[in-house]
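A short write-up of the structure that comes next.
The values are calculated or read from the model by the stated rules, or taken from the named source; none is laboratory data. Fair warning: this is a prediction, and the values are worked out from it, not measured in the lab. FYI the Cβ positions are ideal-geometry reconstructions off the backbone, even for glycines, and counts take in every protein chain you see.
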Amino acid sequence: MEDLKQTENKIKVLLNRIRPYIQSHGGDFEFVRFEEGFVYLKMLGACEGCPLVNQTLEYGIEEILMEEVPGVLGVLLDE
């Protein structure tokens with residue numbers, strides 16, 4: 001349980017470092033949960049419904065989280 005909390009805290013710290021870049025393009029995101037190795041995010045603002053949202057997730061947010069936080073297997077949209 002403590003390991004899960006530590007992992008979630010690491011994820012949230014990194015997401016807060018990524019957030020200004022996403023916001024500079026009119027978008028935003030919300031951390032929903034970390035479950036079974038996957039980070040679930042809700043995309044907001046200009047990111048919501050954007051055709052490039054999957055690229056933002058896969059080549060931006062997901063790549064950074066998987067590289068920096070052991071145990072993260074991917075990032076998924078929470079619909």
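Could you pull out the residue among Leu57, Leu14, Leu4 that is of a type in the set (A, V, I, L, M), exposed (fewer than 15 other Cβ atoms within 10 Å of the Cβ), out of contact with any Cys (no Cβ under 6 Å at 6 or more places or on another chain) and in contact (Cβ under 8 Å) with a residue 12 or more places away in the chain?
None of the others qualify; the one that does is Leu4.
From the set of residues in segment 60-79 that are hydrophobic (A, V, I, L, M, F, W, C) and assigned to a loop (DSSP other than H, G, I, E, B), which is surrounded by the most Cβ atoms within 10 Å (Cβ to Cβ)?
The extreme case among them is Val72.
Quickly run through segment 67-79 and pick out the residues that are out of contact with any strand residue (DSSP E or B) (no Cβ under 7 Å at 6 or more places or on another chain) and either among the acidic types (Asp, Glu) or more than 15 Å from Arg17 (Cβ to Cβ) (or both).
Result: Glu67, Glu68, Pro70, Gly71, Glu79.
In this structure, is Leu73 in contact with a Gly (Cβ under 7 Å, 6 or more places away or on another chain) and not polar (S, T, N, Q)?
yes
Tally the residues that are modelled with pLDDT under 95, small (Gly, Ala, Ser) and part of a loop (DSSP other than H, G, I, E, B), restricting the search to segment 13-48.
3
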